[in-house]
Amino acid sequence: MIGNDLVDLYCASIESNWKRKGFLDKLFTTSEKTQIRSGENPFLLVWKYWTMKEAAYKIYSRMTGIRSFAPVKLCCTLGEHTFGTVQIDDLKFYTCTEMTENYIHTIAGLQSDQLAKIRIEIIHYSGELPAYASKNPACVSHHGHYLALVY
Amino acid sequence: MPNENLINRLKAIVSTYAQNKEALNSINEETDFINDLKINSANLVDVILDVEEEFDIVIDNDAMEKMLTVKASIAVIEAKLSEK
């Protein structure tokens, strides 16, 4: 089982205000907030952590059947390079994040060696969301003008 | 409709973030913020913060977990209001 999540950075800058009072407290753990506030680019780290949490949550909710909005329970740790982990309860997810000028995309799996096997397709579009059902992806994320499919 | 006043105040909040305006027009207790209104999950936190401001309540993480539907949100708002 794999998960993914994409944030269109232009849209994120318009649709959300991470500096809003209470925003960081509702979404991030103490350790994540410390990293965000002390980092060079808080905006990018906010959305990197967010995609890690969402990618892991998509697997978690499918595995357990639980739907909830509990981002603080998904604890992110940054690893080497683009890698990281997300822990919730006794489950640990492994993540790999791609950051470009325009978007942040994170893939997640239950085993670290799964990540290299995931095929990623990112489609930039304008207007209607392209049809993707026939491609039969394992997980889908779309935000702004980007559609991310993983297989 | 029960809780009509609460639903209307909640509707005013979610209308900012709802991408499915048709579902917004027919909002009811069963409406799901993500599946029906197509609110981006990153904006759920804004819904929660707006609800805190609008009703002058504090929503703890345990209560926030459940707030994915109108029904669950109304229940949380009513419980927090009654504690005041």
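Throughout, read-outs are computed from the coordinates displayed, never taken from laboratory work. None of these values were measured; they are calculated from a predicted model. Cβ atoms come from the backbone with ideal geometry, glycine included; neighbour counts cover every protein chain shown.
When Rg and the Kirkwood Rh are both derived from Cα coordinates, the Rg/Rh ratio for the range A:50-151 amounts to 0.96.
The relative contact order of chain A comes to 32 percent, based on Cα pairs under 8 Å that sit 6 or more residues apart. Taken one residue at a time, the phi angles of the range A:88-100 give Karplus couplings (6.51, -1.76, 1.60, θ = phi - 60°) of 9, 6, 9, 9, 10, 10, 9, 10, 9, 10, 9, 10, 10 Hz. Gly and Pro are set to x. Neighbour counts of other Cβ atoms within 10 Å put A:93, B:33, A:69 in the fewest-to-most order A:69, B:33, A:93.
Between helix B:70-83 and chain B there is an angle of about 20 degrees, using the helix long axis and the longest principal axis of the Cα atoms. Result for chain A in a Gaussian network model with C-alpha springs under 10 Å: among A:108, A:70, A:133, the largest mean-square fluctuation is at A:133. Among the residues of B:42-51, the average count of other protein chain beta-carbon atoms within 10 Å of the residue beta-carbon is 5. For chain A, the residue among A:91, A:107, A:50 whose Cα projects farthest onto the positive side of the dipole built from Cβ charges is A:91.
Would you mind working out the magnitude of the charge dipole of the range B:4-83 relative to its Cα centre, with +1 at each Lys and Arg C-beta and -1 at each Asp and Glu C-beta, to the nearest 20 Debye?
300 debye
Name the residue from A:126, A:79, A:23 whose Cα lies farthest towards the positive end of the charge dipole of chain A, charges +1 on Cβ of Lys and Arg and -1 on Cβ of Asp and Glu. Positive-end residue among those listed: A:23. Sparsely packed loop sites in the range B:12-84 (the GluC sites (Glu not before Pro) outside DSSP H, G, I, E and B with at most 12 other Cβ atoms within 10 Å) comprise B:30. Mean separation of Cα pairs under 8 Å and 6 or more residues apart, divided by the residue count, gives chain B a relative contact order of 30 percent. Measure up A:26/A:73; A:58/B:38; B:11/B:38; B:21/B:80; A:58/A:135 against 21 Å on the Cα-Cα distance and list the ones that go over. Beyond 21 Å between Cα atoms: B:21/B:80. Its relative contact order, with pairs defined as Cα atoms under 8 Å and 6+ residues apart, puts the range A:39-86 at 33 percent.
For the options A:80, A:98, A:54, a Gaussian network treatment of chain A with springs between C-alpha atoms closer than 10 Å singles out A:80 as fluctuating the most.
In terms of surrounding Cβ atoms within a 10 Å radius of their Cβ, A:142, A:124, A:105 rank from fewest to most as A:124, A:142, A:105. Charged side chains reduced to their Cβ positions (Lys and Arg at +1, Asp and Glu at -1) give chain A a dipole of some 420 debye around its Cα centre.
Pairwise alpha-carbon distances in the protein assembly as shown exceed 32 Å for 19% of all pairs. Our compactness index for chain B, the C-alpha radius of gyration over the empirical 2.2 N^0.38 Å, is 0.98.
What's the average, rounded to a whole number, of partner chain beta-carbon atoms within 10 Å of each residue's beta-carbon in B:61-69?
Neighbouring Cβ atoms belonging to other protein chains average 4 per residue here.
Restricting the range A:18-49 to trypsin sites (Lys or Arg not before Pro) that sit in a DSSP loop and have at most 14 other Cβ atoms within 10 Å of their own Cβ leaves A:19, A:20, A:21.
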